[in-house]
Amino acid sequence: MELSYLSKGKGKDLVFFHGYGANKECFLRQIDYFSRSYKVTAFDFPGFGKSDALPFPFSVGDYAAVTETFLSRQGIIKPFVVAHSFGARVAVKMAAQKDVFDRLVLTGPAGIIDNRNAAYRLKIFKYRLLRRFSVRYAEAHCGSKEYRCLSPLMKESYKKIVNEDLRLAAKRIRCPVLILEGEKDSATPLRQAKIYAETIPKAKLVVMKNCTHFAFLDDPLAFQLSVEEFLS
Amino acid sequence: MQKNKTVVVFFGGDSYEREVSVITGVFCANLLKERYRVIPVYLNEDNGFSTSDRFFSLSAFGKEIEGKRVSFAFGEMFVFGKSFKRGEKIYAALNCCHGGAGEDGSLSGYCALCGIPFASPPVPSSAIFMDKVYTKYLALSLGIPTLKFFVARREEDIPNLSFPVVCKPARLGSSIGIQRVENQGEWEQKISSALAFDDKVLVEEYLLNKREATCAAYRKGDEIVVSPAVESFAGEEIYSFAEKYDPAQKRERTEISGAVGERIRDCTRTLYAQTDCTGLVRADFFIAGEEVYFNEMNTVPGSLGYGLFTERLTEQREILCDLVEQARLLPQRQKAQFMADILNKKEYSGSTSCKF
């Protein structure tokens, strides 16, 4: 499987994992900055950006396996990793299986399921009910906006991804982890980042003021400072 | 963490470089934010000061800039609100104003008068280096190589230099109003447009095939730390304001090594030491072959010299913290106190007026 990537700078390896529906270019500012002191690699996950499409509905584990193959083929051993949102799921999964990262930065990390309340169950009930009458109507009107834009294959993959809770995996991470979380993050709220911070043994949580799910775009200076301080 | 120490970052002002100053100020305020309690203070165009929590973001500086009015005295900040509120003691102030009253020593003097420890260059060096003509006189007296020059105050003044020459308004920064005069025929028109910017114009010989370099220095404890000499805007043409600050034009950082680099660093050190400077400055040089010519000194350089010592933000933050701590080490008043005690003498005590 071919993954599209870009590589810049010299020195210790620093790899960026992008979020769901995004691509490697979302980190352009960080790539530009960190390439002055590190060898930065950013790639598109399968199904995103310019990388190949999925051959079958991938789970987080499949993404982790593909990423591991990609990194070893690039000759990247024990890199620093900055992972955003869905990328954090993959990073957590990889770090739990083997101690493959030197240090890990998670920003707006996904992978904690804590919102399966009555309202959520009602939504699922509504979807299943509608499906009985018309599958097409149900698919077009239910689910998140992110979900509705996907191709049928990606939808299957998406369901696998969002239904996997990574708390157990997080417990097994041995490398130092920095969690940078925007205080106004609505996609992966602060409480989920706090759960990660409590679960991962060597984790440090930094809450970024006035930032949303995309803290590295909202406040690049503070983001880059925190990451650089953590990596050096 | 020293969050109980309040550091004021000044920026803005009424100069042409106001916008660049906002960028420098917001950058420095954000860098220092994690170490100190930072108060970003904007110099309004109406000669007032204002502050707001939103001043940590560039988006607060659109058309309307809204903030609480403040003023300084007794080493403290006062906030004008519904009631006149006495603020907190200020640990130190950092100057990020480019050009105008912010850079010419006025702000340094204001802080000295208010008893605020100042992390940026003091009055004398700021005032001298603000004026390109005084800078020349200083360089000449210190034996620092500099290009031949002439001072034009009126349109009738004819330079005793060979063309082409460069006209620089004496007290403006950032290449504003600087133009090249190719021959005698162009002279009158160019000098009158330069005199529109300032009533004193520095006319300097134009160096062909030159390179440009910068070098920064600051005081840390008793030692003067000098950065490597870094090539700035290489090329033939004079760089205009837009080119200098357009990020797309940003070039790679190239250090100048060898004898030329060392000479640049020596000149920077001499200028800094001999003016008893404090704070961070950046000296600009021309290089032609092996020759080095001092051009000018910036007492409030863009982004406070970020990129000259280091490109790493964490290291730049350390430099800024060093500047703030250094401000506290400086003696705030003269060392020995001398009182003539004239007013308490017999013949004056008890008198109600000054009649003799």
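The values are calculated or read from the model by the stated rules, or taken from the named source; none is laboratory data. The structure presented is a predicted model; accordingly, all values stated were derived computationally and were not measured. So basically every Cβ, Gly included, is an ideal-geometry build from the backbone, and we count neighbours across all protein chains shown.
Among the candidates A:ALA119, A:ALA64, A:ALA42, A:ALA88, the residue that is in contact (Cβ under 8 Å) with a residue 40 or more places away in the chain and of a type in the set (Gly, Ala, Ser) is uniquely A:ALA88.
Of the residues B:LEU58, B:LEU107, B:LEU113, the single one that is hydrophobic (A, V, I, L, M, F, W, C) and surrounded by 23 or more Cβ atoms within 10 Å (Cβ to Cβ) is B:LEU107. State which residue is farthest from the other protein chains (Cβ to nearest Cβ) when the search covers only segment A:191-227 and only residues that are assigned to a helix (DSSP H, G or I), crowded, with 18+ Cβ neighbours inside 10 Å and without any contact (Cβ under 8 Å) to a residue 24 or more places away in the chain. Checked segment A:191-227; the qualifying residue farthest from the other protein chains (Cβ to nearest Cβ) is A:ALA197. The residue that is modelled with the lowest pLDDT, counting only those in segment B:306-321 that are more than 9 Å from chain A (Cβ to nearest Cβ) and closer than 11 Å to B:CYS28 by Cα, is B:TYR306. Scanning segment A:137-147 for residues that are of a type outside the set (Gly, Ala, Ser), under 27 Å from A:PHE86 (Cβ atoms) and either at pLDDT 80 or above or assigned to a helix (DSSP H, G or I) (or both) yields A:GLU139, A:HIS141, A:LYS145, A:GLU146, A:TYR147. Against the test of being within 23 Å of A:ASP219 (Cβ to Cβ) and among the aliphatic types (A, V, I, L, M), the options A:ALA88, A:ALA65, A:ALA96 yield a single qualifying residue, A:ALA88. When A:LEU166, A:LEU178, A:LEU217, A:LEU221 are screened for being at pLDDT 95 or above and under 25 Å from A:ASN23 (Cβ atoms), only A:LEU178 passes. Among the residues making up segment A:108-152, a single one is under 29 Å from A:GLY182 (Cα atoms), touching a helix residue (DSSP H, G or I) at 6+ places or on another chain (Cβ under 8 Å) and among the aromatic types (Phe, Trp, Tyr): A:TYR147.
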